[in-house]
Amino acid sequence: MKKILSCLLCFFIFIYFLNCITLVFSFLKENRFPEPTIVRSDGMLYLKVFYLVKSGKDYYEALPIAFRNDARQGGLTKDPFMWRPPTVYYFWRLFASNGSQIAILFWLGAFLSFYGIFLILKKFIPWQMAVFGPLLVSFYFRDVFSYATSFLFHEWWGWFAFIFALLFLIYDKLSTSVLFSTLSILTREIFIIPVLAMFIYSLLLKKNRIVFFIPIFIFGIFYLIHVENINNYPLPKSLSFSHYLKFNKIAFLNMTAFSMRKFPLINFRSNIFLIAISFISTFFCVLRIRRENMNYLLLSFWSLLLVLPFAAQNYNDYWGITFMPTLIGFSPLIFVPLSRVINLRFLRNFLPEKFSRVIFVSFRQFFIFFGIF
């Protein structure tokens, strides 16, 4: 019976991803992504910069030109958050000739990341449960079909490299993990947050410290050069950093909802439900199971989830790409604590009545704070 169920699950997964591949081919056939003459969205802005870099212009020259073709109000300043790291543009220039080929690279990176999530989960749970990780993440990517140029957001490309970094870290391929961690930060500097969190954790463990120190050190040098290149252009000064240091509830909700329009049961706040699932699994995994590699996975998205609302503005909803697919992909880790507490006697010993009530009340307040009830 178990073999029959496993075969049915494999068949279902095969049919589902075959459907995904069909949708991808339709997407590539319907969208050609030529060089835009007038920019009306962030995706078109990045596409414009790519074509300028492809034509031989330096990135720091191309971005101001692209902004001058932007029909939206608002100009370029010296705010480093407005200047994305140039890494991804030179990657596109090396491997793509036009926007359509970038889209092909995007979907190739997406499917490889799905497989990477599966391999990571398979380290902790049976494969029959691990397959639900990439399955759930694939729903997150379906919104790209509706927002055609969103595949150009740097967050996606940094996330691909970050998943590969986690994969090689879990499988003890540390030098390769360092390479992909560095690429993820140099692609989207936001990923310095989880790498810093993991570095602090490694200091506490007194283990693998160099694995996280090297990407941080390289990023520090890169960022100094990056800021110096920005300052070479006569642009308005950026706003004070103090406006980033306040918790922004609206930005938090926007980030957790970004790219979730096609997600199952989104009208019932399935995004918040997944955060709740991750909260529960984190609680049990950290306090009861205590596996080092699993804690790295938890830090990979919780660090961003807790820090970014203090740095985001209302329009930074796309920052959710840096942590929501990771959170969704690793949500099957809930099976780890469930397998430990399935025995009711153990559950009663582990969660005394008073302690259980405290957890329940705290959890309810969490939902009330974010406007769910």
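The values are calculated or read from the model by the stated rules, or taken from the named source; none is laboratory data. Treat the numbers as computed from the prediction; the structure is a model and nothing was measured. Glycine gets a Cβ as well: all are built from the backbone with ideal geometry, and neighbour counts include every protein chain shown. For accessibility, only protein heavy atoms count, side chains too; no ligands or nucleic acids. Shrake-Rupley method; radii C 1.70, N 1.55, O 1.52, S 1.80 Å.
Miscellaneous remarks
- Residue pairs whose Cβ atoms lie under 8 Å apart, sitting 6 or more positions apart in sequence or on different chains, and linking a residue in segment 62-82 that is open to solvent by 30 Å² or more (accessible area, probe 1.4 Å) to a partner that is part of a loop (DSSP other than H, G, I, E, B) and of a type in the set (Phe, Trp, Tyr), are 78/233.
- Looking only at segment 144-178, residues that are closer than 16 Å to residue 41 by Cα, open to solvent by less than 10 Å² (accessible area, probe 1.4 Å) and not hydrophobic (A, V, I, L, M, F, W, C) come to 3 in all.
- Extreme residue, farthest from the chain's Cα centre (by Cα), among residues of segment 28-75 that are part of a loop (DSSP other than H, G, I, E, B), closer than 25 Å to residue 319 by Cα and of a type in the set (Lys, Arg): 72
- Leading residue by the ranking (farthest from residue 89 (Cα to Cα)) among those in segment 14-61 that are of a type in the set (Val, Ile, Thr) and surrounded by fewer than 14 Cβ atoms within 10 Å (Cβ to Cβ): 15
- In segment 296-322, the residue that is surrounded by the fewest Cβ atoms within 10 Å (Cβ to Cβ) out of those that are of a type in the set (Phe, Trp, Tyr) and in contact with a Phe, Trp or Tyr (Cβ under 6 Å, 6 or more places away or on another chain) is 310.
- For segment 205-226, a tally of residues being at pLDDT below 90 and of a type in the set (A, V, I, L, M) returns 1.
- Candidate set: segment 17-37, residues that are touching a helix residue (DSSP H, G or I) at 6+ places or on another chain (Cβ under 8 Å) and more than 15 Å from residue 104 (Cα to Cα); chosen: the one modelled with the lowest pLDDT: 17
- Residues of segment 103-132 satisfying the condition of being part of a loop (DSSP other than H, G, I, E, B) and open to solvent by 40 Å² or more (accessible area, probe 1.4 Å): 123, 126
- Test: residue in segment 164-174 that is farther than 24 Å from residue 271 by Cα and at pLDDT below 90: no
- Just one of the listed residues (142, 188) is in contact (Cβ under 8 Å) with a residue 24 or more places away in the chain, in contact with a His (Cβ under 9 Å, 6 or more places away or on another chain) and not hydroxyl-bearing (Ser, Thr, Tyr), and it is 188.
- Residue match in segment 187-197 (condition: more than 17 Å from the chain's Cα centre (by Cα) and either open to solvent by less than 60 Å² (accessible area, probe 1.4 Å) or charged (D, E, K, R) (or both)): no
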